[in-house]
Every structure is written in C-alpha cells, then in structure tokens.
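Here the structure is laid out as structure tokens; the discussion comes afterwards.
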Amino acid sequence: MLDALIHLIPESALDELRWALEEEVVDLGSALAPYLDDVARSVSHLVFSLDTMDPAKADAWLGRGAGRQAEILATIEVARRYPQRRYEIIISSVATPDNLPDLRDVFRYAAERGFRHAVCPVLRGVTPDSALAGDPHYRELLDFLTARRPIVRPNPENPAPW
C-alpha cells in the first residue's frame, strides 16, 4: 500500500494525514526508508508482507526482478533499528498451497526479532482457497502457530475495543 501511495503524498501532507495513518502502514519494503521519520511519528503498527524466506521464490512471486526480497529484508531491518520507533512491526503472510513449507521459517524470522507474525489463507473471492482446506500441511501450520500463540491477558487500563 505504501509503495503505491507514498509517491502521491507530498512530505508536508503526511503530518496532516496522520489521523489516517495512525494505526498501521502496510509496505512491501521499497519506498519506506526515505519516509521513516514521518512514519515513525504517525503509526503504531508497521506491517510488512513476507510469504517466504527463500529469495528465489520471493523474487519470482513478487515479479519485480532479482534482489527484491533482499531489499524488503533490508528495509525491515532499518525499520527495526530505527531509534525513535514507537510502532510495532508485524510480518504478514498469505498462506497458499505453494508456500506452506516456507511459513515456519517466516515465523522464526519474525519471532527472533520480536515481531508479531500474522498468517491469513489465500482467498478466492471471500472464501479461503479450497486447496488449503484438506491440505495436512495447512493443518500442521495452523497447529504450529496456535501452539506458539502468545497468551494475551486483559489489561484493565487499556481495554480492548471490542
């Protein structure tokens, strides 16, 4: 999302749009670095899309040439080390029949850096891909992620919005 929008938003307008960007910015990693000061002041969650740790697969899936995965990982690292950061980094993955074996590595990458990892099934319209439903690897992935899910305890000082 940020890749597409950032070129349309003058830097001076980012402060005025803070209300719109307050919750999260989703990025594929290429256009973020020059705007990190503004993003760091404006959002509470920074979400990066990462579906595999295999550079060849990622570059092929992204269709933007060799080295794209390396750029994304470098941008995530810059965002992680940003000194004034107030945002939480979330790694978002789409589970497909093609990347099920890769998602545990993405989970480990996120966990080793203290990031949250969100996995959603690929959708066909508004329905999860039927190829995932009967796939034992998908069930194993869900069990793996569920077993590692953090236990969230209610905080009376900051109640959930729902």
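The values are calculated or read from the model by the stated rules, or taken from the named source; none is laboratory data. Note that this is a predicted model, so its numbers are computed, not measured. Cβ atoms come from the backbone with ideal geometry, glycine included; neighbour counts cover every protein chain shown.
The conditions of being under 16 Å from the mean Cα position of the chain (by Cα), touching a residue at least 12 places away in the same chain (Cβ under 8 Å) and either within 19 Å of Val122 (Cα to Cα) or buried (at least 18 other Cβ atoms within 10 Å of the Cβ) (or both) are not met by Val78. Checking each residue in the range 40-56 for being over 20 Å from Tyr109 (Cβ atoms) and out of contact with any strand residue (DSSP E or B) (no Cβ under 6 Å at 6 or more places or on another chain) picks out Ala40, Arg41, Ser42, Ser44.
Scanning the range 30-81 for residues that are at pLDDT 90 or above and in a loop (DSSP other than H, G, I, E, B) gives Leu50, Asp51, Thr52, Met53, Asp54. Looking across the range 81-113, the residues that are without any contact (Cβ under 8 Å) to a residue 12 or more places away in the chain and not acidic (Asp, Glu) come down to Arg81, Pro83, Arg108. Among all positions in the range 131-141, there is no residue which is touching a His at 6+ places or on another chain (Cβ under 8 Å), over 19 Å from Ala60 (Cβ atoms) and surrounded by 13 or more Cβ atoms within 10 Å (Cβ to Cβ).
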